[in-house]
Amino acid sequence: MKPALILCSDFPLTLNRDGNIYYADSRPDTPRIVRRTPDGTETFLATGEMFHNISGIASSQDGSLYVPDVSHSDANFIRKITTDGIVSTFATPEMIGIGKERDTAPSPGTASDYCRGLVVDSKGVV
């Protein structure tokens, strides 16, 4: 295979250990996480309004995906999606210390999508 660099400004994506590309299709009428196989076949791994404001996507060693939902600067969530499409909330603002009492809250005027990077290490730490 030839090496390739894949860039996507509107739809965050990741290459998972199963060889498939997963991306967030966050268009207003179709918020979903799409699985694209090497032969170009696309299926939906998960759908729903919770995928409307996805600013990133990362895969873990077990094949699960993690996506930050950045609906509001004070209401960011990280969701976990298993390989069979089960969606759970991995982290809430309260769980990670974001809230009215947080000393390091984003400054006023911070765009709602300030959480743009996400990585999962080999031990599964997000």
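The strands (runs of 3 or more DSSP E) falling completely within the stretch 32-125 that include 2 or more residues that are farther than 18 Å from Leu13 by Cα, modelled with pLDDT under 90 and not β-branched (Val, Ile, Thr) map to 87-91. Checking each residue in the stretch 1-19 for being within 21 Å of Ser55 (Cβ to Cβ) and at pLDDT 75 or above picks out Pro12, Leu13, Thr14, Leu15, Asn16. Report, ordered by the first and then the second residue, all pairs with beta carbons closer than 8 Å, sequence separation of six or more or different chains, a first member in the stretch 27-40 that is open to solvent by less than 30 Å² (accessible area, probe 1.4 Å), and a second member that is charged (D, E, K, R). Hits for this filter: Pro31/Asp25; Pro31/Glu49; Ile33/Asp25; Val34/Asp25; Val34/Glu42.
The values are calculated or read from the model by the stated rules, or taken from the named source; none is laboratory data. All of these numbers come straight from a predicted model, not from anything done at the bench. FYI the Cβ positions are ideal-geometry reconstructions off the backbone, even for glycines, and counts take in every protein chain you see. Side chains included, ligands, DNA and RNA excluded: accessible areas come from the protein's heavy atoms. Shrake-Rupley method; radii C 1.70, N 1.55, O 1.52, S 1.80 Å.
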